[in-house]
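Single-structure report; data block below.
The values are calculated or read from the model by the stated rules, or taken from the named source; none is laboratory data. As the structure is a prediction and not an experimental result, all values here were calculated from the model. In this analysis, Cβ positions are derived from the backbone assuming ideal geometry, glycine residues included, and neighbour counts consider all displayed protein chains. Quick note on the areas: whole protein, heavy atoms, side chains included, nothing else; ligands and nucleic acids left out. Shrake-Rupley method; radii C 1.70, N 1.55, O 1.52, S 1.80 Å.
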Amino acid sequence: MLKRMPFECPTEHYDERIYKIDEQICEMLKLRKQLSNNNPGFPTFEYISKWAETFELYEGFLKLVFGTLRSEEHYKPMVGPSDFRKHVPILMSVEEGNFFYTLNSIRQYSNASVVTFNIDWDEAEVPSIQNGLHHFELQIG
């Protein structure tokens, strides 16, 4: 099973004078999540440009911040599988565009299932897959 790397604090320095501001940022994030029913979308580039100018921030930085806010679900704590039950071989594949997806197997535990999933592609045709994280959703029906 793949596990997240533990987050290490990037610095030992913290300016305690900004503690209240950081706390307010967290409070505003909670309010934003509640008001949008956890579906905030993404601000228009016009809004981002306006805020960048008004608050003396970089547009690219704001795009990154709002992009990160859309992916909170990817930071939920992961369930560690326990009490192995069985291994289920699947070996199903599908080709879509320049990608070849294979669902190899599922390991079933009492509290979770671990899916072995593989993607193959021709790097000469699709080099951009290496840039950034990709998330997949499995629907069984």
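Overview of values
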{"read-out": "Pairs with Cβ under 7 Å, 6+ apart, first in region 81-102 and at positive phi, second part of a strand (DSSP E or B) and hydroxyl-bearing (S, T, Y)", "value": "D83/Y109"}
{"read-out": "Qualifying residue in region 104-117 (condition: at pLDDT 85 or above and open to solvent by 90 Å² or more (accessible area, probe 1.4 Å))", "value": "yes"}
{"read-out": "Residue list for region 34-83, restricted to those being aliphatic (A, V, I, L, M) and open to solvent by 100 Å² or more (accessible area, probe 1.4 Å)", "value": "L35, L64, M78"}
{"read-out": "Among (1) open to solvent by less than 70 Å² (accessible area, probe 1.4 Å); (2) outside any loop (DSSP other than H, G, I, E, B); (3) modelled with pLDDT of 85 or more, the one test that I129 misses", "value": "(3)"}
{"read-out": "Residue in region 90-99 that is open to solvent by less than 50 Å² (accessible area, probe 1.4 Å) and over 29 Å from M5 (Cα atoms) present", "value": "no"}
{"read-out": "Residues located in region 1-38, provided they are touching a helix residue (DSSP H, G or I) at 6+ places or on another chain (Cβ under 9 Å) and polar (S, T, N, Q)", "value": "N38"}
